[in-house]
Ligand SMILES: CC(=O)SCCNC(=O)CCNC(=O)[C@H](O)C(C)(C)COP(=O)(O)OP(=O)(O)OC[C@H]1O[C@@H](n2cnc3c(N)ncnc32)[C@H](O)[C@@H]1OP(=O)(O)O
Ligand SMILES: O=C([O-])CC(=O)C(=O)O
């Protein structure tokens with residue numbers, strides 16, 4: 001056996017510097033470019049947070065206005081992307097649709113191979129503006145509904161909900177959606193961001209890196225957990241007629257059984273945070289607002305029951321996906337659409353990292369310790 005120290009899953013390994021965000025598990029805090037994420041979620045639009053992540057500073061009034069105009073004029077679903085999505089079955093996973101759409105957007109891009117900082121920033125902004133139409137179109141086609149054109153009088157979050165549901169969302173709903181986008185935007189060297197950096201490190205193009213990152217995000221140990229949380233709720237059974245206490249009791253016994261049988265319950269635990277996820281309180285407030293808005297108190301019985309039982313049995317706390325899943329459910333998204341919403345947000349962090357990696361690149365290529373048979377002859 002080899003003598004090398006193996007850092008399984010690269011746990012605890014510091015792979016490079018980043019100036020984009022700081023995750024501090026000791027203080028349970030998350031900073032984007034130095035700003036606490038809670039402050040950003042309380043005060044900035046998602047469009048402003050995107051600019052902050054890309055450029056390092058909050059936008060000036062002029063930068064903000066220019067980007068808003070840019071974003072609103074790049075929202076339409078392109079004909080090639082629409083044709084490609086139409087070729088995919090409506091029962092494939094929506095993450096496969098998102099991944100394919102980004103791949104097509106890359107193949108269709110006149111500057112696909114231009115990786116200058118200016119071209120990459122422009123491509124990041126275009127992708128940010130274009131992706132919501134993919135999610136909205138896919139959600140509607142799965143319901144047999146016609147697409148809804150974007151509205152330039154609406155901001156990013158308002159328009160996203162408008163294109164998906166074909167009606168103007170209530171201000172509370174728009175705000176909860178905006179908060180989720182801000183919180184999902186960036187989280188240092190998580191698996192999908194690291195994937196994007198690995199692809200970029202080979203000097204491949206931005207759309208290839210994002211396509212690969214989407215593949216990494218899909219898994220239930222990462223972004224796919226927001227969808228998995230709702231599957232758990234569905235497995236326990238959602239009953240709008242029961243009280244919060246009744247729902248909590250059923251959730252508690254479900255969790256006890258699940259843990260006894262050795263199951264992993266998605267939406268709990270985190271590789272970096274061991275005392276709770278810094279983003280959960282803010283997302284939980286957004287969920288509470290949605291529960292009140294839709295009058296669905298019983299859903300919080302399931303939420304509280306699972307959380308309390310997991311804490312009691314293992315001391316493991318919820319991650320961001322735990323409150324985000326039921327929030328998107330209440331807004332009316334199909335469960336399988338939750339992780340594509342995560343893509344829409346994380347495009348900002350991924351593209352910021354792609355630009356950072358390229359600016360000071362070194363091929364990412366770790367070593368392995370060989371554990372196969374010793375040299376032998378045929
Ligand atoms: C936005 C995001 O991507 S946040 C992450 C979303 N992912 C999830 O919610 C998936 C569920 N959670 C997990 O699988 C894990 O907590 C991870 C993958 C996120 C992080 O895990 P790691 O740091 O690798 O820890 P690991 O998986 O080794 O867990 C350590 C111990 O806690 C247990 N554990 C961790 N999370 C969970 C969970 N959700 N349910 C049950 N047990 C858990 C493990 O079984 C393990 O127990 P053991 O030591 O008895 O074997
Ligand atoms: O940091 C991680 O490993 C996963 C995560 O929470 C994220 O990507 O938002």
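Can you find a residue in segment 267-283 that is in contact with a helix residue (DSSP H, G or I) (Cβ under 9 Å, 6 or more places away or on another chain), within 15 Å of ligand 1 (Cβ to nearest atom) and over 26 Å from residue 178 (Cβ atoms)? The answer is yes; a qualifying residue exists. Among the criteria (1) assigned to a loop (DSSP other than H, G, I, E, B); (2) surrounded by fewer than 18 Cβ atoms within 10 Å (Cβ to Cβ); (3) in contact (Cβ under 8 Å) with a residue 24 or more places away in the chain, the one residue 26 does not fulfil is (3).
Of all the numbered requirements in (1) on the phi > 0 side of the Ramachandran plot; (2) surrounded by 11 or more Cβ atoms within 10 Å (Cβ to Cβ), residue 31 misses one, and that requirement is (1).
Of all residues in segment 304-330, those satisfying the criterion of being in contact (Cβ under 8 Å) with a residue 60 or more places away in the chain and either in contact with a strand residue (DSSP E or B) (Cβ under 6 Å, 6 or more places away or on another chain) or more than 15 Å from ligand 2 (Cβ to nearest atom) (or both) are 304, 306, 308, 326, 327, 328, 329.
Here is a yes/no grid of residues against (1) within 12 Å of ligand 2 (Cβ to nearest atom); (2) more than 24 Å from residue 30 (Cα to Cα):
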| position | (1), (2) |
| --- | --- |
| 260 | no, yes |
| 280 | yes, no |
| 286 | no, no |
| 302 | no, yes |
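Residues considered: 221, 217. Of these, the only one that is outside any loop (DSSP other than H, G, I, E, B), within 16 Å of ligand 2 (Cβ to nearest atom) and within 22 Å of residue 318 (Cβ to Cβ) is 217. Quick check on my filter: what residues within segment 65-105 are in a helix (DSSP H, G or I) and under 15 Å from residue 125 (Cβ atoms)? Passing the criteria: 65, 66, 67, 68, 69, 70, 71, 72, 102, 105.
For segment 162-207, a residue qualifies if it is free of Cβ contacts under 8 Å to residues at least 40 places away in the same chain, away from ligand 1 (no atom under 16 Å from the Cβ), within 30 Å of residue 366 (Cβ to Cβ) and crowded, with 19+ Cβ neighbours inside 10 Å, and exactly one does: 199. Comparison of 63, 57, 120, 47 shows that the only residue that is closer than 19 Å to residue 196 by Cβ, in contact with a helix residue (DSSP H, G or I) (Cβ under 9 Å, 6 or more places away or on another chain) and at pLDDT 95 or above is 120. Residues in segment 140-161 that are in a loop (DSSP other than H, G, I, E, B) and surrounded by 15 or more Cβ atoms within 10 Å (Cβ to Cβ): 147, 148, 150, 154, 155.
So which residues in segment 266-283 are part of a helix (DSSP H, G or I) and under 16 Å from the mean Cα position of the chain (by Cα)? Break it down into steps so the answer makes sense when it comes.
So in segment 266-283, the residues part of a helix (DSSP H, G or I) come out as 280-283.
Listed by number, the residues that qualify are 280, 282, 283.
The residue that is nearest to residue 324 (Cα to Cα), counting only those in segment 208-227 that are buried (at least 24 other Cβ atoms within 10 Å of the Cβ) and within 14 Å of the chain's Cα centre (by Cα), is 226.
Kindly check whether there is at least one residue in segment 345-362 that is part of a loop (DSSP other than H, G, I, E, B) and touching a strand residue (DSSP E or B) at 6+ places or on another chain (Cβ under 6 Å).
No, there is no match, as no residue in segment 345-362 is part of a loop (DSSP other than H, G, I, E, B) and touching a strand residue (DSSP E or B) at 6+ places or on another chain (Cβ under 6 Å).
Against the definition (farther than 30 Å from residue 359 by Cβ and part of a helix (DSSP H, G or I)), how does residue 212 come out, yes or no? No: the conditions fail for residue 212.
Filtering segment 328-370 to residues that are within 16 Å of residue 17 (Cα to Cα) and within 16 Å of ligand 1 (Cβ to nearest atom) leaves 349, 350, 353. Among the residues of segment 255-265, those identified as more than 7 Å from ligand 1 (Cβ to nearest atom), surrounded by fewer than 21 Cβ atoms within 10 Å (Cβ to Cβ) and outside any loop (DSSP other than H, G, I, E, B) are 256, 257, 258, 260.
The values are calculated or read from the model by the stated rules, or taken from the named source; none is laboratory data. What you are looking at is a predicted structure, and each value in this text was computed from that prediction instead of being measured. So basically every Cβ, Gly included, is an ideal-geometry build from the backbone, and we count neighbours across all protein chains shown.
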